[in-house]
Every structure is written in structure tokens, then in C-alpha cells.
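*Asks:* Provided herewith is a single structure, encoded as C-alpha cells, for subsequent inquiry.
Just so you know, all these numbers are worked out from the coordinates, no wet-lab data involved. Because the structure is a prediction, the values reported are computed rather than measured. Here the Cβ is made from the backbone with ideal geometry for all residues, glycine too, and neighbour counts use every protein chain on show.
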Amino acid sequence: MTTLEVLSVDNQLMLKGNLTREFITPSIEKQSCRLLSKSISHINLSQVNMVDTAGLALLLLLIEVANKASLSINLVDLPDDLVNLAKLSAVSAFLPVQ
């Protein structure tokens, strides 16, 4: 069974595993928001296996939290499924992609 891990590595917030409703828990949301800091400039999605609308919602939440804290972050290495989901959901303009 794949899980979801959120790690702070160098200047990146690294998401690993399935970015899906099954694995996004309130503690994952809190941990993700807590790890955002001035030293984080990227959210790295290169190790995300699966994504659904809950994963997209988590990313939008992290972007909102970063914006409220005047942090500038970019999403890197987005999976194609996430890009397509963002387009279908008409929110791709809200994703700061590098």
C-alpha cells in the first residue's frame, strides 16, 4: 500500500506517494502547512504516483497559505494527471508552475 509523505528537503517541500483522498488526512494537511516557511521555494511533485481532486485541493490550500504568508513558491515536476485535472477543473491559472 502506497502512502503519502510530506518532507522538507533543502528549499523544497517534497510530496511522495499518492496525492489522493484516501491518503490526505487532516494531519497531512497540518504537516504540509506547518512545513511551509521562508526557506521553501518549491513544492516538488516528482515522486507523486497518483493524484485526484483532493490532491489538487491540497495544493491549492498550500498555495493560499504561502500567499497569505507572503511566500513565493512554485510547483515543480507536476505529473501529467495533475496538469490535466487542473485544466479540467479550470484552476490551472492558480498553479504557480516553474
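*Asks:* Determine, from the Cβ-Cβ distance of N74 and S37 and an R0 of 25 Å, the FRET efficiency 1/(1 + (r/R0)^6), rounded to the nearest 0.05.
*Replies:* So, using R0 = 25 Å, E works out to roughly 0.95.
*Asks:* Once every DSSP H run of n ≥ 4 in the chain is given -39500 (n - 2.57) and the sum is divided by its residues, what mean residue ellipticity at 222 nm do you get, rounded to the nearest 500 deg cm²/dmol? Please report the intermediate quantities before stating the final value.
*Replies:* Values: 3 runs with 35 residues, N = 98.
That calculation yields -11000 deg cm²/dmol at 222 nm.
*Asks:* Pull out a ≥ b ≥ c, the square roots of the eigenvalues of the alpha-carbon gyration tensor of region 32-93, then state rounded if a/c is under 1.5, prolate if not and a/b is larger than b/c, and oblate in the remaining case.
*Replies:* Note, shape of region 32-93 comes out prolate.
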